[in-house]
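Encoded as structure tokens, here's the structure I'll be asking about.
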Amino acid sequence: MKPAKFDATILTLGFAFLYIPILILVIYSFNESKLVTVWGGFSLKWYGEMWRNAGLMSAAWVTLQVGLLSATPSLRKTLSISTPMFRRSASR
């Protein structure tokens, strides 16, 4: 059964709604100006400031640790459940 064109359009609009703001945020992260609404040119200045800020780097490290500690058990559980299912379906 071929998907309707309407379904593909809705899917495309939904992904655009989710990803365009992220793309804009990434682009503006390279803005030299202190004002978000004014483009001051391309710069890595704010990334340098981020690396020099000890509190921000500490928070980023904690975020990475929490992410890894929460993703690891869920990945192990998913693999332990899906591996026998895959092996059973492949043997048929």
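So what is the 222 nm mean residue ellipticity for the chain from helices alone, if each DSSP H run of at least 4 adds -39500 (n - 2.57) and you divide by all residues, rounding to the nearest 500 deg cm²/dmol?
On the way: 3 runs with 69 residues, N = 92.
Roughly -26500 deg cm²/dmol at 222 nm, from the helical runs in the chain.
While we're here: Report ³J(HN,Hα) in whole Hz for each residue of the range 5-14, in order, from the Karplus equation J = 6.51 cos²θ - 1.76 cosθ + 1.60 where θ = phi - 60°; Gly and Pro get x.
Going residue by residue, I get 4, 4, 4, 5, 5, 4, 4, 4, 5, x Hz, with x marking Gly and Pro.
Which residue fluctuates the most in the chain, going by a Gaussian network model with Cα springs under 10 Å, if the choices are L64, L25, L13?
L13
Return the sequence-ordered ³J(HN,Hα) values of the range 74-87 in whole Hz as given by the Karplus equation 6.51 cos²θ - 1.76 cosθ + 1.60 applied to θ = phi - 60°, using x for Gly and Pro.
Residue by residue, the range 74-87 yields 5, 5, 4, 5, 4, 5, 5, 7, 7, 4, x, 5, 5, 5 Hz.
What is the P(r) of the chain, as percent of Cα-Cα pairs per 10 Å bin from 0?
12, 18, 24, 27, 14, 5, 0
Moving to a separate point now. Would you mind telling me which residue in G55, G14, G67 has the biggest mean-square fluctuation in a Gaussian network model of the chain, where springs connect alpha carbons within a distance under 10 angstrom?
Of the options given, G14 has the highest mean-square fluctuation.
Rule-based calculations on the coordinates, nothing more; no lab input. In this text, all values refer to a predicted model and were calculated from it rather than measured experimentally.
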